[in-house]
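Chemist: Input: one structure, supplied below.
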2 protein chains.
Amino acid sequence: MTEKEWIHFLKKYLFEEFPVLKSKNEDCAVIKLSEKEYLLLTTDALVEDIHFSWEYTSFYDLGVKLATSNLSDLAATGGSPDFALLTLGSSKPLEKFWLESFMEGLISTLEKYGAKLIGGDTVKSPVFFVNLVLIGKTENPILRKGAQVGDYVFVSRPLGESAAFLKEIKRTPLEKIPEHLKRAHLHPEPEIQLGITLSYYNLATSMIDISDGLLLDLWRICEENEVGAELWKERIPIGLNATLEEALSGGEDYALLFTVKEENLEKLEKIAQKLNRTFFMIGKIIHEKELYLSEKNLKRKIYPLGFNHFQ
Amino acid sequence: MTEKEWIHFLKKYLFEEFPVLKSKNEDCAVIKLSEKEYLLLTTDALVEDIHFSWEYTSFYDLGVKLATSNLSDLAATGGSPDFALLTLGSSKPLEKFWLESFMEGLISTLEKYGAKLIGGDTVKSPVFFVNLVLIGKTENPILRKGAQVGDYVFVSRPLGESAAFLKEIKRTPLEKIPEHLKRAHLHPEPEIQLGITLSYYNLATSMIDISDGLLLDLWRICEENEVGAELWKERIPIGLNATLEEALSGGEDYALLFTVKEENLEKLEKIAQKLNRTFFMIGKIIHEKELYLSEKNLKRKIYPLGFNHFQ
């Protein structure tokens, strides 16, 4: 079963009526509690040798990564994180020396964004894994659904450094890799503040966090809205030491990708100044259900890697 | 690190202030939303060959078991289940034939108790596991904390059949095992209705679901309240084909254990009649921090199996 088939399969079983917002493709489950209060619920697991490698991931890093991947899902919905539950799966007895580093990474990252750990459990497992459940809230959830033809596509920061780290680590010892690449992969920042701000000012018509690569995550937005997108090659912000390829298809950037109506571009510019940030306008939503990468007069069709739909 | 050390260790990192009710030892995390509204949050993972065996567990059974173990945690807090999120970890591609059975078991069990699946995700994992997140609510959470000296100890149904199944399956083919033993282990019922009723009438001073055996779970109540308990051997309801040993120490019964003040015994009796149920009064909370099993004039100290504290 491909990812697309799985989503289609799952849809049959999902409850998608009030007070639950259509959730099959969202980063979080969104539940309406009252007129101006939505509960957000997300969970994400990291499995050893699948989602991380002990070769270059410390226990501290793992804690950071677990918190970040969950926080980023909440950020993509415009949410403020509140509470988290931890599950540890391990075949070996828990040892204080590594648990302390792991918890430090986890808790410091959660607390930085206002989230509190309120429960934890361990299960025996032949493979080591960590799982987090995160709940939060928002007055105005931003969904993947909402982008319209003519909206501009933005990303919140340069892309590809996380993927560049993964390339470097194959040929360079960890201690010789530039600090900013290590940070990009091991301690990326979830865009909680930005998500909250875009939600507050109602500036984004749709939003997603870039966890599987710009093209793939942009295509998810396109599919959800039955539209396509044109990207302007020269506008795509490429991280230091990263390539265009890594910026387009590298994963785990945890930047936000969002779409904005033309009439709101000025407001967005003011917000950017206020937050002392630069947002990168990289393209436009189009009617034709395709992705294009354009450069001067050249416009070519592109396909997100790793997405079964295109095979 | 023993379980006790883990709980002690974790406590340092947990947030336990308003609006979160002290949660380190509870079945659910309990968050106060308003004067009469508490959000309940729980998560539970089942890992192949650890929490279940393919030898006698069908995919349908696994779906039932995943729903039940989470629902039972909610029942133990007096909650009504609302929404669930599923995570599947698998090394192999998902196949429709087993996914459909699994989802049928999961969804039918969730729906029976009013819970709705609102999201699902898959991750690659060298070992097969399933994880559920469940949220619910209650006006009046029943915690492990609350039992007082003199309170009577009740269990909601006969115990030990789930453990008796595990003994039988070692020497008897599945199809020859009595139906009620199969049901007890493979399709146990979470006591959602009872939990809600006890919460509504405020009849239980403390409550827990029996997932790790009567003695061990009773001892958890005792530890939380710095008390002990005396059990009356002849009053302990032993399931059909089960032994006293299995009733005392077998796991996965998913019955509720709760404590009731003497002044409320009559009310409880009325509730039992109304629900057409029998509740089993099996002992009493005592001041001395020990467990006793008494029979006529004999009273001997007993120790819950598998709990490090006693080693």
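Chemist: Within region A:186-208, how many residues turn out to be surrounded by fewer than 24 Cβ atoms within 10 Å (Cβ to Cβ) and either closer than 16 Å to A:Gly250 by Cβ or over 20 Å from the mean Cα position of the chain (by Cα) (or both)?
Modeler: Count: 3.
Chemist: Moving on. Within region B:47-64, is there a residue that is surrounded by fewer than 24 Cβ atoms within 10 Å (Cβ to Cβ), outside any loop (DSSP other than H, G, I, E, B), of a type in the set (D, E, K, R) and touching a residue at least 12 places away in the same chain (Cβ under 8 Å)?
Modeler: Taking every residue of region B:47-64 in turn, at least one turns out to be surrounded by fewer than 24 Cβ atoms within 10 Å (Cβ to Cβ), outside any loop (DSSP other than H, G, I, E, B), of a type in the set (D, E, K, R) and touching a residue at least 12 places away in the same chain (Cβ under 8 Å).
Chemist: Does region B:68-89 contain any residue that is farther than 28 Å from B:Arg183 by Cβ and of a type outside the set (Ser, Thr, Tyr)? Spell out the reasoning first.
Modeler: Here is the first cut: in region B:68-89, the residues farther than 28 Å from B:Arg183 by Cβ are none.
Looking for residues that are farther than 28 Å from B:Arg183 by Cβ and of a type outside the set (Ser, Thr, Tyr), one finds none in region B:68-89, hence no.
Chemist: Can you tell which of B:Glu104, B:Glu168, B:Glu191 is more than 24 Å from A:Leu134 (Cβ to Cβ) and at the interface with chain A (Cβ under 10 Å from one of its Cβ atoms)? Walk me through it before giving the result.
Modeler: Working: B:Glu168 fails: at the interface with chain A (Cβ under 10 Å from one of its Cβ atoms); B:Glu191 fails: at the interface with chain A (Cβ under 10 Å from one of its Cβ atoms).
Answer to the check: B:Glu104.
Chemist: Any idea how many residues of region B:112-123 are surrounded by fewer than 20 Cβ atoms within 10 Å (Cβ to Cβ) and facing chain A (nearest Cβ under 9 Å)?
Modeler: The number of residues fulfilling the criteria is 4.
Chemist: Would you call A:Gly78 more than 10 Å from every other protein chain (Cβ to nearest Cβ), surrounded by 20 or more Cβ atoms within 10 Å (Cβ to Cβ) and part of a loop (DSSP other than H, G, I, E, B)?
Modeler: Yes.
Chemist: Take the residues of region A:124-160 that are β-branched (Val, Ile, Thr) and away from every other protein chain (no Cβ under 12 Å): which is farthest from the chain's Cα centre (by Cα)?
Modeler: Looking only at region A:124-160, we keep the residues that are β-branched (Val, Ile, Thr), and these are A:127, A:130, A:133, A:135, A:138, A:142, A:149, A:153, A:155.
Checking the rest, the ones that are also away from every other protein chain (no Cβ under 12 Å) come to A:138, A:142, A:149, A:153, A:155.
Numbers: A:Thr138: 17, A:Ile142: 13, A:Val149: 23, A:Val153: 16, A:Val155: 11 Å.
Top of the filtered list is A:Val149.
Chemist: I'd like to verify a number: residues in region B:94-108 that are in a helix (DSSP H, G or I) and surrounded by fewer than 19 Cβ atoms within 10 Å (Cβ to Cβ), how many?
Modeler: Here the count works out to 7.
Chemist: For residues that are over 20 Å from B:Phe83 (Cβ atoms) and among the aromatic types (Phe, Trp, Tyr), scanning just region B:5-44, find the one that is nearest to the other protein chains (Cβ to nearest Cβ).
Modeler: B:Phe15
Chemist: Under 9 Å by Cβ, and 6 or more places apart or on different chains, what pairs join a residue from region A:223-251 that is within 11 Å of A:Ser294 (Cα to Cα) with one that is acidic (Asp, Glu) and outside any loop (DSSP other than H, G, I, E, B)?
Modeler: A:Trp232/A:Glu295; A:Lys233/A:Glu295; A:Glu234/A:Glu295
Chemist: With the structure loaded, tell me whether A:Leu99 is more than 18 Å from A:Thr43 (Cβ to Cβ) and facing chain B (nearest Cβ under 7 Å) or whether it fails that test.
Modeler: Values: more than 18 Å from A:Thr43 (Cβ to Cβ): yes; facing chain B (nearest Cβ under 7 Å): yes.
In short, yes.
Chemist: Follow-up question, since we're still on this one. For A:Ser91, indicate whether it is surrounded by fewer than 18 Cβ atoms within 10 Å (Cβ to Cβ), within 10 Å of chain B (Cβ to nearest Cβ) and of a type in the set (S, T, N, Q).
Modeler: Considered against the rule, which asks whether it is surrounded by fewer than 18 Cβ atoms within 10 Å (Cβ to Cβ), within 10 Å of chain B (Cβ to nearest Cβ) and of a type in the set (S, T, N, Q), A:Ser91 comes out as yes.
Chemist: Follow-up question, since we're still on this one. Would it be correct to say that A:Trp232 is more than 27 Å from A:Val64 (Cβ to Cβ) and buried (at least 22 other Cβ atoms within 10 Å of the Cβ)?
Modeler: Values: more than 27 Å from A:Val64 (Cβ to Cβ): yes; buried (at least 22 other Cβ atoms within 10 Å of the Cβ): no.
It is false that A:Trp232 is more than 27 Å from A:Val64 (Cβ to Cβ) and buried (at least 22 other Cβ atoms within 10 Å of the Cβ).
Chemist: A follow-up question, please. Can you name every one of the helices (runs of 4 or more DSSP H) wholly within region B:109-211 that holds 1 or more residues which are touching a strand residue (DSSP E or B) at 6+ places or on another chain (Cβ under 6 Å), touching a residue at least 60 places away in the same chain (Cβ under 8 Å) and within 19 Å of B:Arg277 (Cβ to Cβ)? Let's see the steps before the verdict.
Modeler: Working: elements: B:161-168, B:179-186, B:192-200.
Output list reads B:192-200.
Bear in mind that the values in this text are calculations on the coordinates, not laboratory data. Worth saying up front: this structure is predicted, and the values here are computed from it rather than measured. When we count neighbours, we look across all protein chains shown, and the Cβ atoms used for this are built from the backbone with ideal geometry, even at glycine.
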